[in-house]
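*Asks:* My structure is below; once you've seen it, I'll send some questions.
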Amino acid sequence: MAIPETVTFFTDLGRNDYNVDVIILASGSPRRRELLSLLGLPFEVITSEADESTPTDWTPEQIVCNLALRKAEAVISAVGERKSVIIGSDTIVVLDDTVLGKPVNEVDSTAMLTALQGRTHRVYTGVACIGLPDGKIWVDHRVTSVTMRAMSDNEIAAYIATGEPADKAGSYAIQGLGATLVERIEGCYFNVVGLPLSLLGGMLSRFGITVLNQPGE
């Protein structure tokens, strides 16, 4: 299903009384698991093996929204007959018009961090929620601007040697030692980590799942 470039895609959700049996996080990312746990909602993890290839002419918004939905759709069969909401998410780093994915090796990490140092880039995260069994869908995204401080070649090499950049889009982790490389951010911090919680909380409310709710209300 192709998602248009508009900010939000959704179907008519009707009533918000899903009476959900389970929330499913369609991601093997430990960072997304940690973030989702902050909402205090019980959930299960089913790792998505979705194809992450995209057309070269897609915008960053199209990339993250489509991949988030693709990841959520990929685990539908594993959920079975349970009433559920599946959460898929995808994050990319964009410098100018170039998408920086996960580095393939240390040389790639060096090139990314050298390009990012002293400059401002954008981090896009798409989030998709699918309600089952009726297949209702909500997809949205957030953008955060991140400015990196100037770094010496030695600092870049030392950071890469920690191993932290290896599986991170853009070759840094803002929630780890990579925080020392960041001068400032504009927007949602959790978006940079990989799951914008304020956005997700609002999306879950569309499915009758309220994060902040007094007992009996």
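Just so it is clear, none of the values below were taken in a lab; they were calculated from the coordinates. It should be emphasised that the depicted structure is a prediction, and the values quoted were computed from it without experimental measurement. Cβ sites come from the backbone with ideal geometry, for glycine too, and all protein chains shown count toward neighbours.
*Asks:* For region 14-83, treating each Cα as an identical point scatterer without solvent, what Debye log10 I(q)/I(0) comes out at q = 0.16, 0.17, 0.25, 0.27 1/Å?
*Replies:* So the normalised log intensities work out to -0.69, -0.76, -1.17, -1.22.
*Asks:* I've got another one for you. So for the chain, averaging the separation of alpha carbon pairs under 8 Å that are six or more residues apart and normalising by length, what relative contact order in percent results? Numbers along the way, then the final one.
*Replies:* Details: 435 pairs, mean separation 51.8, N = 217.
Across the chain, relative contact order equals 24 percent.
*Asks:* Please give the Cα centre distance for region 92-129 versus region 149-176, rounded to the nearest Å.
*Replies:* 12
*Asks:* Given an 8 Å cut-off on Cα distances and at least 6 residues of separation, report the relative contact order of region 101-217 as a percent. Show your work: numbers first, answer last.
*Replies:* Details: 173 pairs, mean separation 35.8, N = 117.
That works out to 31 percent.
*Asks:* Relative to the Cα centre, what is the charge dipole magnitude of the chain, using +1 at the beta carbon of each Lys and Arg, -1 at the beta carbon of each Asp and Glu, and rounding to the nearest 20 debye? Mind showing how you got there, number by number?
*Replies:* Working: 17 positive and 27 negative charges, 92 e Å.
So the dipole magnitude of the chain works out to roughly 440 debye.
*Asks:* Still on this model: What order do you get for 61-72, 46-57 when each peptide is scored by the mean count of other beta carbon atoms within 10 Å, highest first?
*Replies:* Details: 61-72: 24.5, 46-57: 12.3.
In descending order of packing, they fall as 61-72, 46-57.
*Asks:* Stokes-Einstein D for region 9-205 at 10 °C, 1.306 mPa s, Kirkwood Rh over Cα pairs, in µm²/s? Could you put the intermediate results ahead of the total?
*Replies:* Values: Rh = 17.4 Å.
Answer from the Stokes-Einstein relation: 91 µm²/s.
*Asks:* Order these peptides, 30-40, 87-97, 130-140, by their mean beta-carbon neighbour count within 10 angstrom, highest first. Display every interim value, and only then the final one.
*Replies:* Working: 30-40: 15.3, 87-97: 20.6, 130-140: 18.9.
By packing density, highest mean first, the sequence is 87-97, 130-140, 30-40.
*Asks:* Another question about this same structure. Using just the helices of the chain, give the 222 nm mean residue ellipticity in deg cm²/dmol: DSSP H runs with n ≥ 4 each add -39,500 (n - 2.57), and the total is spread over all residues, rounded to 500. If you can, show how the numbers build up before the last one.
*Replies:* On the way: 7 runs with 60 residues, N = 217.
Counting only the DSSP helices, I get -7500 deg cm²/dmol.
*Asks:* Shifting gears a bit: For the chain, set up a GNM with springs between Cα atoms under 10 Å and report which of 115, 158, 74 has the largest fluctuation.
*Replies:* Maximum among the listed residues: 158.
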